[in-house]
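One structure is given below, encoded as structure tokens.
The values are calculated or read from the model by the stated rules, or taken from the named source; none is laboratory data. Every value quoted in this text rests on a predicted model; they were computed, and no experiment measured them. Cβ placement follows ideal geometry from the backbone for every residue including glycine, while neighbour counts extend to all protein chains displayed.
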Amino acid sequence: MVKKSVLQIKVGREIKSNWKQYLSVVFIACLAVTLFTGILANYRNFEHQLAEIYQSSHMCDAIIMTQTYDEQIENILQKESITYEKRIYFPFSYENHPVYVIVHPDASNMNLPYSVEKQNNPRQGVFVDESFLTRNQLKIGDVFEVALPMGLTIHLQITGTMLHPESLEHTSYTPSLLYMNQSSLVDAIRAQYSFISQERIETYLSSYVNQYLLKGSNISSVLNNIKDQLSDDNQLVYALETKDLPSNQAIESDVTQAKQLIYIFPVIFYLVAILIILTSISQLIQREQKNIGILKALGYSQYQILSHYTSIFLVLGGMGSLLGMIFGPLIIPYVMGMKYQMLYQLPQIEYPFFRIEYLISVVVLLVIIVITSVLTCHSSITKVPAISLRGENAVHFKQGLLSKMTWIKRMPLNMVMAFRNMRRKWSRTWMVIIGVLGCSSLLVCGFGIEDTIYYGLDLELETYIPYDVTVSYVDNASYQSQILSIEGVQFVDEYAKHSVNIEKDHIIHSNLYILPEESSVFQVAYDDSSCLISSKVAEEIGCKEEDIIRFWYNNQVYEVVVTKIVDFCISQGIFISHHYFRNLPFLPTGAWIQTTDASYDEVVSNQIAQMDGVLSAVSIATTREKVNHTIGSIQVMTLTIKIFAILLAVVVLYNLALLNFKERTKDIATLKVLGFSRMEIGSSFMIEIIFLTCIGALIGLFFGQPLLIAVMSINENPLLSYIYHIQPQSYIWTICLTCGVSFIINLIFAILTHRVQMVESLKSVE
Amino acid sequence: MPFIELKEITKVYGQKEIQIVALQQVSFALEKNELVVILGASGAGKSTLLNILGGMDYATSGSYKMNGKDITQLNEKKLAQFRRRQIGFVFQFYNLMPNLTALENVRLSIEHLKDVEDPKHTLEMVGLGHRMHNFPSHLSGGEQQRVSIARAIVKKPDLLLCDEPTGALDSQTGKHILRLLKSISETGKQCVVIVTHNASIAEVANRVIRFSDGKLVSNQINLHPKDIEEIEW
């Protein structure tokens, strides 16, 4: 058995005798590494899932979309030696819900479905996503009708279901995708129109090719080349790399956000870890000043002494970070995964439990510990033994400006002691302020996330479109007069909603709301010749008020002036009066209804739902319930932030209260001898830490909003737009929680003062 | 009725298996205006006795009365009040609050008390009128001990307990402190008890109590106490 050195034994005994003090070091190391490894694991897992999808589906590197077939593009691609595939891509509406149809060549080798379920194992056919079947109450083998862009109506039989890399979002929020090979389409057309020959159909279809899937190197320069050459005509709809495709933008941005998240919370916790370790080391070195002198007198080198004290924190930091390395990848990806599963259709993949980055994060923390230890210990260790042997440095006070003020002299002595202590232990004072500041800003951020979401919802549902019932129609006909005849209905605004591409500086896929020429429910003023735009869409395409934007609707490109950017939370897109499209008939897809009284909401929605031609009628209460479900994952994240914030406060305040308690044991004993009561002694503690907590918490309030914006901006949800807003009560809660935690911790220590033995504490200076 | 009366005081530390008897059946009585010196080697039990006298520790058995009031029956809260009002402590290592000035340290012991001395006057009395706004770190050992004495006497305690008050001081400063303590006892209102292992201090006391291995071995009245200047340190 290897015999331990005396210093190693001393390390063990030091940790054992002061384990309560060192617990906070273990805890903060664990928290910091948990957050880092957890967020990193979440990013890596999510990225891996997406990469797996792209790989198994042979996802292309870019897609070019045009209005109609363009030979020029093919020439450029051939000239650049780019591998490409052509296909037809068109939208149609089934049961009043948009569906995108992809018609791919029979021998397609790009953008394939990655998870297919089918009957009789046919190699080709018509595949749809699962929610298309669910929504329309269809099953595999059923036949449904599709209107083709060439004016033909055909019947298609569903071969199977699939997950497709261009339809990763759950289709309850986005259009469904129908994926079929050209032969199946030709067969379906011939079955309906047998008089048309196969060759003629194929020739006809080739003229409708409007998408080119590209694979190869140097794709961005090829895309730029194509954009330059086709900029003068109106043919090009978009030429985008995979990550920028409207269908993939949301998930790609979520992956980027997951990556960016690595740099926010872990940095805060690593900084706090440094602060806690710094304070604990300072306290230890101060306490061990005399022992350092003894070790030096015994001939130990500076390096040996430094290693001895550093090893205490390396052991503690190592323990904490190893725990963090286990907890992080288990907890955080699970919590964040709930959000991703809710938004996207992702395959279940096995993830590695260990990654080298986890070990690097542990090593980084340990290096930080070593650097902090060396810097903190350096001045004490380089003293000559004679000075070190004198023990803890005498506390030198100066008659500062504050001490000369009469009102300070009149303060109760426990307050005077508290304020002088703050000045005396300035590093600890700063640590409490910074630690509490971090906690309160995180809490404000946590509360602010919920406030922001609900503020946006309330703004839209109570101010901009204060409907009581919302209705979706099946057959694009008007039901206004029928609905108005129902008892309890006051106003009806019919509107049409279509999926369109919108462009200014960038092109995105969003909604076009065609509003009635005069509205009663929709409360934002609009005119006949321009449009309103939701702030999220405006930001994404890079437009501001008075700008002209482009959108594609009904096979035509429109240009319109933006009169107002509106902070809509749910309804995303552009809003235009039907008068703008006066040449086109108004075919409403739904309606917003106001009832005379809230008690009518459910009755009215039930009656409308029974009407022929109505797909659904939902009351405002049900809508809010659905939204609450949708933002469930955000609430999980909010709760996580709040819990971590409170944990941070507990660790920081516990560490400091314990330090304060230990440093002042002798003072406590003296006060007890002088006959002070437990509460009088406790109050001198509380004044100091609670005063500092209040300062830290108040400063933290100012950092809450920037942190909220930072967190929310990397947590953009494609379904919701965030209108940053923090309620006054959130600030009050933050102060109450932070000061409450501080009060409870200090109260516990105040109560513990009765354990201080007057006799033992007063025996000697040591 | 004596001012202080101890009857068969015993103090045992530790649990059943390992028990250390610090005081064994100790009985004596003290009067006001006495300067009492308790002598004994290290571990004799003199500090334990001081702690019991000062209400800082409970006796295992026996009774301790001051002015007829049984102190051994007081609970923790009452003991704290007892220490606050009736006891003055002077420690070997001063135990001043490092972040309070000399004046504030003296004021500390009279917060919420009535019928007390003026802290400034008390500091002047111990010869520190000119250093009252200095922090302990700016004072010498002797000066710190004088602040400690001022802190103890400012509340006009019935019993002034001094644990090795000169232990950390040189002979001249030590004599100065002793002179101060003697003058306090001579006012006739307070009993001053000094615990020490320095036998020469006993020569200036009115009463000398000797301890050995937790037992009281002698309790002598000194009819002719020496002048402080005469003793050899």
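A few points about this structure:
- Of the residues A:330, A:442, the single one that is outside the structural domain of residue A:299 (by TED's automatic domain parsing), at pLDDT 85 or above and not in a loop (DSSP other than H, G, I, E, B) is A:442.
- Scanning segment A:666-688 for residues that are polar (S, T, N, Q), within 46 Å of the chain's Cα centre (by Cα) and at pLDDT 80 or above yields one hit, A:683.
- Single unsatisfied condition, residue A:604 versus (1) under 13 Å from residue A:470 (Cβ atoms); (2) within 37 Å of the chain's Cα centre (by Cα); (3) surrounded by 21 or more Cβ atoms within 10 Å (Cβ to Cβ): (2)
- Out of B:22, B:44, sole residue that is touching a Lys or Arg at 6+ places or on another chain (Cβ under 7 Å), hydrophobic (A, V, I, L, M, F, W, C) and either crowded, with 22+ Cβ neighbours inside 10 Å or not in a strand (DSSP E or B) (or both): B:22
- Given (1) at pLDDT 85 or above; (2) surrounded by fewer than 23 Cβ atoms within 10 Å (Cβ to Cβ); (3) within 8 Å of chain A (Cβ to nearest Cβ), number of the condition residue B:89 does not satisfy: (2)
- Residue ranges of strands (runs of 3 or more DSSP E) in segment B:187-233 with at least 2 members polar (S, T, N, Q) and without any contact (Cβ under 8 Å) to a residue 40 or more places away in the chain: B:215-221
- Of the criteria (1) surrounded by fewer than 24 Cβ atoms within 10 Å (Cβ to Cβ); (2) more than 14 Å from chain B (Cβ to nearest Cβ); (3) in a helix (DSSP H, G or I), which one residue A:477 fails: (3)
- Checked against the criterion of being within 14 Å of chain A (Cβ to nearest Cβ) and either surrounded by fewer than 23 Cβ atoms within 10 Å (Cβ to Cβ) or closer than 30 Å to residue B:120 by Cβ (or both), the candidates B:49, B:103, B:35 yield just one match: B:103.
- Selected residue (only one of A:281, A:277, A:292 is over 19 Å from residue A:321 (Cβ atoms), modelled with pLDDT of 75 or more, touching a helix residue (DSSP H, G or I) at 6+ places or on another chain (Cβ under 6 Å) and not assigned by TED's automatic domain parsing to the domain that holds residue A:540): A:292
- Single residue of A:208, A:204, A:270, A:212 found to be more than 30 Å from residue A:35 (Cβ to Cβ), part of a helix (DSSP H, G or I) and of a type in the set (Phe, Trp, Tyr): A:204
- Each residue in segment B:106-125 was checked for being closer than 25 Å to residue B:182 by Cβ, within 14 Å of another protein chain (Cβ to nearest Cβ) and without any contact (Cβ under 8 Å) to a residue 40 or more places away in the chain, and 2 of them qualify.
- Taking every residue in segment A:138-154 that is surrounded by 13 or more Cβ atoms within 10 Å (Cβ to Cβ) and pairing it with any residue that is of a type in the set (S, T, N, Q), at least 6 positions away or on another chain, the pairs with Cβ-Cβ distances below 6 Å are A:140/A:119; A:147/A:153; A:154/A:192.
- Hits in segment B:126-147 (condition: within 14 Å of chain A (Cβ to nearest Cβ), closer than 21 Å to residue B:170 by Cα and assigned to a loop (DSSP other than H, G, I, E, B)): B:139, B:140
Conditions tested, residue by residue: (1) surrounded by fewer than 20 Cβ atoms within 10 Å (Cβ to Cβ); (2) assigned to a helix (DSSP H, G or I).
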site: A:460; (1), (2): no, yes
site: A:471; (1), (2): no, no
site: A:490; (1), (2): yes, no
site: A:495; (1), (2): no, no
site: A:501; (1), (2): yes, no
site: A:505; (1), (2): yes, no
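- Every residue from segment A:662-677 that is assigned to a helix (DSSP H, G or I) and either more than 8 Å from every other protein chain (Cβ to nearest Cβ) or among the hydrophobic types (A, V, I, L, M, F, W, C) (or both): A:662, A:663, A:665, A:668, A:669, A:671, A:673
- Among the candidates A:453, A:449, A:483, the residue that is over 38 Å from the mean Cα position of the chain (by Cα), farther than 20 Å from residue A:653 by Cβ and assigned to a helix (DSSP H, G or I) is uniquely A:483.
- The residues in segment A:153-170 that are assigned to a strand (DSSP E or B) and within 13 Å of residue A:115 (Cα to Cα) can be counted, and the count is 4.
- Residue within segment A:32-45 that is touching a helix residue (DSSP H, G or I) at 6+ places or on another chain (Cβ under 9 Å), of a type in the set (S, T, N, Q) and part of a loop (DSSP other than H, G, I, E, B) present: no
- Restricting segment A:52-62 to residues that are modelled with pLDDT of 90 or more and aliphatic (A, V, I, L, M), the residue that is farthest from residue A:211 (Cα to Cα): A:59
- Unique residue being surrounded by 24 or more Cβ atoms within 10 Å (Cβ to Cβ), more than 12 Å from every other protein chain (Cβ to nearest Cβ) and either within 33 Å of the chain's Cα centre (by Cα) or modelled with pLDDT of 85 or more (or both) when the list is A:701, A:639, A:653: A:653
- Residue, farthest from residue B:159 (Cα to Cα), within segment B:55-86, restricted to residues that are among the aromatic types (Phe, Trp, Tyr) and more than 8 Å from every other protein chain (Cβ to nearest Cβ): B:58
- Condition met for residue A:320 (under 30 Å from residue A:116 (Cβ atoms) and assigned to a helix (DSSP H, G or I)): no
- Any hit, segment A:51-60, residues being charged (D, E, K, R), touching a helix residue (DSSP H, G or I) at 6+ places or on another chain (Cβ under 6 Å) and farther than 30 Å from residue A:589 by Cβ: no
- Condition check for residue A:325: in contact (Cβ under 8 Å) with a residue 40 or more places away in the chain, within 25 Å of the chain's Cα centre (by Cα) and surrounded by fewer than 20 Cβ atoms within 10 Å (Cβ to Cβ): no
- Residues that are crowded, with 18+ Cβ neighbours inside 10 Å and either at pLDDT 90 or above or polar (S, T, N, Q) (or both) within segment A:705-738 comprise A:715, A:717, A:721, A:726, A:730, A:731, A:734, A:735, A:737, A:738, listed in sequence order.
- Residue B:134 passes every criterion in (1) surrounded by fewer than 23 Cβ atoms within 10 Å (Cβ to Cβ); (2) more than 16 Å from residue B:106 (Cβ to Cβ) apart from (2).
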